[in-house]
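**Student:** The following block contains the structure, expressed as structure tokens.
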Amino acid sequence: MNSSGICLGDDEERCIKKFVSLETRIRTSPKYHLMACLIQKNMSTLLQAIICLLYNEVLFLKNNRNLIYESSNIRLCRKFNEFNSPFKAIQFYNKTISKDVWKYIAITRNPIDRFISNFIDRCIRKPTKGIKSCNGCHFNMTCFIISEYNYMLKESNSLVLRREFEDMHFFPQNWRCSFRKMISNYTIIKYQNKNNKNIEEVISSLNNIFHQQKVPNSTLEFIKSQLLSSRTMHTTVDTKARTFFEDRLLNSPFLMEYIVRMYYYDFKLFNYTIPEINF
């Protein structure tokens, strides 16, 4: 078997299901009719900060806030524009904003790139439970991939999902944002944390959307200048650890098969190429 036969026919039951309801984190800018869904490790901290700015530019600038340093723990817009469902946001604003005028945004990422970035950040750099972090595997990527695959397989058939900190970062992207019902409503922006050109492409895509929503040019320039000035504290692209683990993963057909089975529907739904694996 090669990768073209994975998750097809009888093999589908060995792959992680699509559209399981894990969580949805919606941030809104009613002024510009924008609704963004945050997916961890997909520029989520920056996207949250940008939507906070667009929620109230005067408040954001008056408080001397900075898009780069606006972390989740100290976010200015906490509880002001936050919902756990796009439907709840629509209902909340229903008296003043028609449901048909909202522009929905989500940022996705190549599943392999996202997995490596999460593994470095959560299991190597900042393990939250010491040696018990990452399913007790800590630095052992093989151990973690196998155990997380088994957890995903179990949870995708469970009525109540476990919500471990690692899971919120590693579970499939398509399990979020109410994609089961809303995926066709979203404008999907692809993010790849490889170099400045990739970042510039994301900024350009976002600013094109914001321009369509009548965001002033001065605000667009502020967003662009801030995002190009620095990388966030979670960035792993320049680390030696990333190079080591990325090479190890990509050169292991055994591990890559697990990754494809875990994220098959992320590859398919968000139009990423499934890597060729020769067994």
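The values are calculated or read from the model by the stated rules, or taken from the named source; none is laboratory data. Everything numeric here is computed off the predicted structure, so don't read it as measured data. Note: ideal-geometry Cβ built from the backbone for every residue, glycine included; neighbour counts use all protein chains shown.
**Student:** When you go through (1) of a type in the set (S, T, N, Q); (2) under 19 Å from residue 213 (Cβ atoms); (3) at pLDDT below 95 one by one for residue 81, which number turns out not to apply?
**Tutor:** Of (1) of a type in the set (S, T, N, Q); (2) under 19 Å from residue 213 (Cβ atoms); (3) at pLDDT below 95, only one is false for residue 81: (3).
**Student:** Here is a follow-up. Quick one: would you say residue 184 is assigned to a helix (DSSP H, G or I), exposed (fewer than 12 other Cβ atoms within 10 Å of the Cβ) and either in contact with a helix residue (DSSP H, G or I) (Cβ under 9 Å, 6 or more places away or on another chain) or small (Gly, Ala, Ser) (or both)?
**Tutor:** Yes: the conditions hold for residue 184.
**Student:** Find all pairs meeting these conditions: Cβ atoms under 7 angstrom apart; at least six residues apart or on different chains; first residue within region 207-219 and touching a residue at least 12 places away in the same chain (Cβ under 8 Å); second residue basic (Lys, Arg) and not in a loop (DSSP other than H, G, I, E, B).
**Tutor:** 207/224; 209/103; 213/103
**Student:** Looking only at region 66-107, count every residue that is hydrophobic (A, V, I, L, M, F, W, C), closer than 14 Å to residue 55 by Cα and touching a Cys at 6+ places or on another chain (Cβ under 7 Å) and tell me the total.
**Tutor:** The qualifying residues number 2.
**Student:** Still on this structure, I have one more. Being exposed (fewer than 13 other Cβ atoms within 10 Å of the Cβ), part of a helix (DSSP H, G or I) and not hydroxyl-bearing (Ser, Thr, Tyr) is true for just one of 100, 167, 121, 113. Which residue is that?
**Tutor:** So the residue among 100, 167, 121, 113 that is exposed (fewer than 13 other Cβ atoms within 10 Å of the Cβ), part of a helix (DSSP H, G or I) and not hydroxyl-bearing (Ser, Thr, Tyr) is 100.
**Student:** Still on this structure: In region 138-145, is there at least one residue being within 20 Å of the chain's Cα centre (by Cα) and among the hydroxyl-bearing types (Ser, Thr, Tyr)?
**Tutor:** The answer is no; no qualifying residue exists.
**Student:** So residue 52 passes all but one of these: (1) at pLDDT 95 or above; (2) assigned to a loop (DSSP other than H, G, I, E, B). Which condition number does it fail?
**Tutor:** With (1) at pLDDT 95 or above; (2) assigned to a loop (DSSP other than H, G, I, E, B) applied to residue 52, the lone miss is (2).
**Student:** For the subset of region 211-252 comprising residues that are modelled with pLDDT under 95 and of a type in the set (Lys, Arg), which member is surrounded by the fewest Cβ atoms within 10 Å (Cβ to Cβ)?
**Tutor:** So, considering only residues that are modelled with pLDDT under 95 and of a type in the set (Lys, Arg), the one surrounded by the fewest Cβ atoms within 10 Å (Cβ to Cβ) is 240.
**Student:** Further, regarding this structure: Could you tell me how many of the residues in region 1-39 are buried (at least 21 other Cβ atoms within 10 Å of the Cβ) and part of a loop (DSSP other than H, G, I, E, B)?
**Tutor:** 4
**Student:** Taking into account only those residues within region 86-110 that are hydroxyl-bearing (Ser, Thr, Tyr) and under 28 Å from residue 61 (Cα atoms), which is nearest to the chain's Cα centre (by Cα)?
**Tutor:** If we take residues in region 86-110 being hydroxyl-bearing (Ser, Thr, Tyr) and under 28 Å from residue 61 (Cα atoms), then 104 is nearest to the chain's Cα centre (by Cα).
**Student:** Would you check which residues across region 5-55 are touching a helix residue (DSSP H, G or I) at 6+ places or on another chain (Cβ under 8 Å), closer than 16 Å to residue 104 by Cβ and among the small types (Gly, Ala, Ser) and list them?
**Tutor:** Result: 29, 36.
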